[in-house]
């Protein structure tokens, strides 16, 4: 799939992002992510259609049981995930799906570094 996408043989593709609930609970327990932290996600792209990919900023806990679809338009598109904490540092994670081992019917688990020791499982 990534080969087709990189060669512009697909008009666009959809990446479904989901957060691991147990991992989020562990991160909240360790203080890396606050209980009332918010999530904002969008696709960074040169294509103007990407403006429709931005999700409304809500508490992270509301998105945990859901799969969040993000439409990509060019091979260089980046999914930007921002977790905002009130008192501790906020986190920005950027995923470049073309660099991930994607497939048509498989899934991939990505670990993003939060601070020095914590990892977010996406």
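No lab work stands behind these numbers, since they all come straight from the coordinates. These numbers were taken from a predicted model, which means no experiment stands behind them. Here Cβ is always computed from backbone atoms with ideal geometry, including for glycine, and neighbour counts include all displayed protein chains.
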Acute angle (nearest 10 degrees) that the helix 21-30 long axis makes with the longest principal axis of the chain, alpha-carbon atoms:
40
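With N set to the number of residues, divide the alpha-carbon radius of gyration of the chain by 2.2 N^0.38 Å and report two decimals.
Working it through for the chain, the quotient is 1.08.
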Rounded to the nearest 0.05, what FRET efficiency is calculated for residue 93 and residue 12 with R0 set to 35 Å and r the Cβ-Cβ distance?
0.95
Cβ-derived FRET efficiency at R0 30 Å, residue 121 paired with residue 3, nearest 0.05
0.65
